[in-house]
1. Can you sort 270, 53 by how many other beta carbons sit within 10 Å, fewest first?
2. Given just the C-alpha atoms of the range 222-320, how large is their convex hull per residue in cubic angstrom?
3. Obtain the radius of gyration and the Kirkwood radius of the range 67-114 from its C-alpha atoms and give Rg over Rh.
4. Cut-off is 10 Å between beta-carbons; in what order do 228, 266 appear when sorted fewest neighbours first?
5. I need the calculated FRET efficiency for the pair residue 221 and residue 168, taking r as the beta carbon distance and R₀ as 35 Å, to the nearest 0.05.
6. In terms of modelled amide H atoms, which long-range or inter-chain residues lie less than 5 Å from the amide H of residue 87?
7. Using bins 10 angstrom wide from zero, how does P(r) for the chain break down, in % of all Cα pairs?
8. Rounded to the nearest 500, what is the 222 nm mean residue ellipticity of the chain from helices alone, with -39500 (n - 2.57) per DSSP H run of 4+ residues and division by all residues?
Amino acid sequence: MAQQRDGDDNGKLEDAARAGWLYYIAGNTQDQIAAKLGVSRQSAQRLVSLAISERLIKFELDHPIARCMALGDELERSFGLRFAEVVPTDPDRPNALVGVSRASATQLERYLRASAPVTLGIGSGRTLKAAVDQMSTMECVQHRIVSMTGSIAPDGAAAYFGVIFNIADKTKARCYPFPVPVIASSAEERETLMRQPLVISNLKRIEAAETIFLGIGGLGANAPLLQDGFLTQAELDGLLQAGAVGEITGWVFNRRGELIEGLTNDRVMSAPLPDLKSKLCIITAVGENKLNAIRAAITRPLVNGLITDEATAEALLGAA
C-alpha cells in the first residue's frame with residue numbers, strides 16, 4: 001500500500017508542477033488550467049496551491065518538468081499545434097519509449113475518466129501499445145474506442161502492434177476493430193473491402209471521434225511496415241525512391257507531409273487521416289529515426305498534437 005501511495009503522491013506533485021507552470025509562467029487562468037489538465041476549476045486551484053506549499057514555485061519552477069513544459073509550449077507556437085507534451089529524455093537510453101508511453105497513457109486515462117460518453121480514435125504501433133500496457137484498469141463502458149487501421153496481419157493473424165484489443169481489455173469500453181488488413185493485396189481488393197457494411201460503420205464512428213491517438217513510423221531499414229510484413233523490400237525501396245519519409249496508419253508521406261500518389265497508398269485500408277479543423281489528432285513518438293516523419297507530419301500538418309521527449313523536441317525546434 002505504501003508503494004501505491006508514493007506513486008499517487010508523485011503523480012499529484014507532477015500535476016501540481018504542471019499547474020504551477022501553466023499559472024505562473026505561461027499565464028493561464030485557472031479555468032484554462034482546468035481545461036488543459038482535464039480537472040475541475042476547484043482542483044486546478046488546489047493544484048496551484050500545492051505547487052506553492054510544496055515549494056515547487058520559487059523564482060522559477062523547481063521541478064524537472066519545467067523545461068519539458070517550456071519545450072511543449074514552444075512546439076505549439078512554432079508548429080501551430082493544439083497540444084504538445086514533452087517528457088524528459090533518459091541520457092542512457094535516448095530512444096526509450098517508457099516516458100513517452102507513460103505520458104500517452106496518462107492522456108488516454110484523462111479522456112476515459114470523463115463521465116459523459118466520448119468516442120476516441122486509436123491507431124497502432126509500438127509506442128501506443130506500450131502506452132496501453134501502462135494504463136490503469138478502468139471501467140469505461142460509457143465510451144467508444146474505434147480503430148483507425150486494420151487489425152489483420154498479411155498472414156491472417158491479428159496484427160502484433162494493434163492496440164484495439166489491448167485497450168478493450170483495459171477499459172471494458174465498447175471497442176471497434178477495423179476488420180481488414182492494413183494494406184490490401186490490390187487496389188481492387190481495397191475497393192471491395194471498403195464497401196463492406198462493417199467497414200462503412202467503422203468509418204462513421206471515426207467521423208464522430210473528437211480526439212484521435214496515433215503512432216507514426218519511419219521508413220528506414222527498421223520500418224515497422226517492413227518488419228511486420230505489410231511491405232516487401234521492393235515496395236519499401238519504391239516508396240523511398242518516391243521521397244517517402246514516414247507513415248501514419250499505413251498512409252505514406254514525403255518530407256512536405258504530402259501523401260505519396262499511387263504505390264501502396266492505393267491499397268491502404270486505414271481510415272482517411274482526419275480533418276484537423278474538427279478533431280485533435282495526437283501522435284506519440286520518440287527517436288532520431290522518426291525525426292523526418294514527425295517533422296513532416298506536424299509541419300504540413302497531418303496532425304495537430306504531439307507527445308514526445310526532450311531530445312526529439314529540441315531536434316524539431318532546432319530545424320524549425
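1. By the 10 Å Cβ count, ascending, the order reads 53, 270.
2. Measuring per residue, one finds 102 Å³ for the Cα hull of the range 222-320.
3. Values: Rg = 12.3 Å, Rh = 11.9 Å.
On the Cα set of the range 67-114, Rg over Rh gives 1.03.
4. 266, 228
5. Efficiency, rounded to the nearest 0.05: 0.60.
6. 308, 309, 310
7. The distribution over the chain is 6, 26, 35, 23, 9, 2, 0, given as percents.
8. That calculation yields -13000 deg cm²/dmol at 222 nm.
We did not get these values from a lab; they are worked out from the coordinates using the rules stated. What you see is a predicted model, and the numbers here were worked out from it, not measured in a lab. Note that each Cβ is placed from the backbone with ideal geometry, even for glycine, and that neighbours are counted across all protein chains shown.
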